[in-house]
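Q: The structure under discussion is supplied below as structure tokens; questions concerning it will follow.
The values are calculated or read from the model by the stated rules, or taken from the named source; none is laboratory data. If you're wondering where the values come from, they're calculated on a predicted model, not measured in any experiment. So basically every Cβ, Gly included, is an ideal-geometry build from the backbone, and we count neighbours across all protein chains shown. Protein only, heavy atoms only, side chains kept; ligands, DNA and RNA dropped before computing areas. Shrake-Rupley method; radii C 1.70, N 1.55, O 1.52, S 1.80 Å.
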Amino acid sequence: MDTDHWITAVLALRKAHRIVVFTGAGISSESGIPTFRDNDGFWQRFPPERFATWKGLLQTALTDRHSVAQFIFNVIEPIAKSEPNAGHAAVASIQQRVSTTVVTQNIDGLHQSAGSTSVLEIHGSLMEVVDVTSGEIVQKLDRNDLARIADIVHMYANHQVSVIRFLWNLRKHYPFDWFGRHRPNLVLFGDDLPEPAWAKACQASRECDVLLSIGTSGAVYPAALLPGTAAASGATVISIDPQPMEGCWLKGKAGDLLPKLISDAFGSNCE
């Protein structure tokens, strides 16, 4: 650990009046949710051009429905089983001390499960189903709902039920719309980021004293613009990640470093 960077982070947090916590897949990987962009990540198994756009998913579903089911199962099942880790709890603890906006690229709802409020989900949420015509949320899901859906998808992915039986069973737990108007509230490649979440994230980044970037590669745009936006407005940008990052970089995992950082900055342990 670079002692100078640690001291810089502690002092910046101690003086901050407004904080943005910006999180990516790294924080949720500590809860058992696979990352997408690592060398052995999700996109190595499920190529983005086939599985990461709505058009690609539809075309793949027409020719290889069971592969799409395997993809959906591998997305849903880890999230259904996941629980917040020490990093998520620490983020919630920051909000109890300083005015804090959480901006996350994750779709798993773990920040909310850990007690965070004011969470801006700029890539959407797997816990919500929307009507694509109106944009309205038609149902909220919990992890028990996801677990039941994962079981149904798993049976179809392994050729244990027909497509008709699969759709019939799915409709018992998911607000399935036969005209395709209902889908998970997710942002895939090529989609615009949701409003007003994205506008609020940009505003919070311009107005914060500290942006704490946790477990994000900085490779996904336009989300990756937020740390630069904060820095250009005079904020201190602190990165927690096992991989090297520019600026004030604290090498390690959020679950290990963030509770201690909060303790050193605010004088009490993170619960």
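Q: How do the pairs read when you match residues in the stretch 73-89 that are at negative phi with residues anywhere that are of a type in the set (D, E), using Cβ under 7 Å and keeping only pairs 6 or more apart or on different chains?
A: Short answer, once both residue conditions are applied: I79/D108; S82/D108; N85/E30; G87/E30.
Q: Here is a further query. Going by what's in this entry, would E83 be described as at pLDDT 90 or above and assigned to a loop (DSSP other than H, G, I, E, B)?
A: yes
Q: If you don't mind, another one. Would you please list the contacts, defined by Cβ atoms under 7 Å and residues six or more apart or on different chains, that run from a residue in the stretch 249-267 that is over 14 Å from R14 (Cβ atoms) and among the aromatic types (F, W, Y) to a residue that is open to solvent by 30 Å² or more (accessible area, probe 1.4 Å) and part of a helix (DSSP H, G or I)?
A: W249/H5
Q: Which is in contact (Cβ under 8 Å) with a residue 60 or more places away in the chain and of a type outside the set (S, T, Y), of L170, L193?
A: L193
Q: Which of the residues belonging to the stretch 93-114 are farther than 18 Å from P184 by Cβ, open to solvent by 10 Å² or more (accessible area, probe 1.4 Å) and either of a type in the set (A, V, I, L, M) or within 11 Å of the chain's Cα centre (by Cα) (or both)?
A: V98, A114
Q: While we're looking at this one, here's another question. So is A197 farther than 23 Å from S31 by Cβ and either modelled with pLDDT of 95 or more or among the basic types (K, R) (or both) or not?
A: Taking the combined requirement at face value, the residue does not satisfy it.
Q: Has the stretch 124-141 got at least one residue that is in a helix (DSSP H, G or I), in contact (Cβ under 8 Å) with a residue 24 or more places away in the chain and either surrounded by 19 or more Cβ atoms within 10 Å (Cβ to Cβ) or touching a helix residue (DSSP H, G or I) at 6+ places or on another chain (Cβ under 6 Å) (or both)?
A: For the stretch 124-141, residues in a helix (DSSP H, G or I), in contact (Cβ under 8 Å) with a residue 24 or more places away in the chain and either surrounded by 19 or more Cβ atoms within 10 Å (Cβ to Cβ) or touching a helix residue (DSSP H, G or I) at 6+ places or on another chain (Cβ under 6 Å) (or both): absent.
Q: Would you confirm whether any residue within the stretch 214-236 is open to solvent by 50 Å² or more (accessible area, probe 1.4 Å) and touching a His at 6+ places or on another chain (Cβ under 8 Å)?
A: No, the conditions are met nowhere in the stretch 214-236.
Q: Oh, and also: Take residues that are open to solvent by 80 Å² or more (accessible area, probe 1.4 Å) and tell me which of the helices (runs of 4 or more DSSP H) falling wholly in the stretch 9-77 contain 3 or more.
A: 54-63
Q: For the stretch 65-97, give me each residue that is touching a Phe, Trp or Tyr at 6+ places or on another chain (Cβ under 9 Å) and basic (K, R).
A: Residues satisfying the conditions are R65, R97.
Q: OK, next. Run W168 past the list (1) assigned to a loop (DSSP other than H, G, I, E, B); (2) open to solvent by 50 Å² or more (accessible area, probe 1.4 Å) and report the number of the one that doesn't hold.
A: Of (1) assigned to a loop (DSSP other than H, G, I, E, B); (2) open to solvent by 50 Å² or more (accessible area, probe 1.4 Å), only one is false for W168: (1).
Q: Ok, one more. Can you pull out the residues in the stretch 115-130 that are closer than 10 Å to N185 by Cβ and either at pLDDT below 90 or among the acidic types (D, E) (or both)?
A: Matches in the stretch 115-130: E121, E128.
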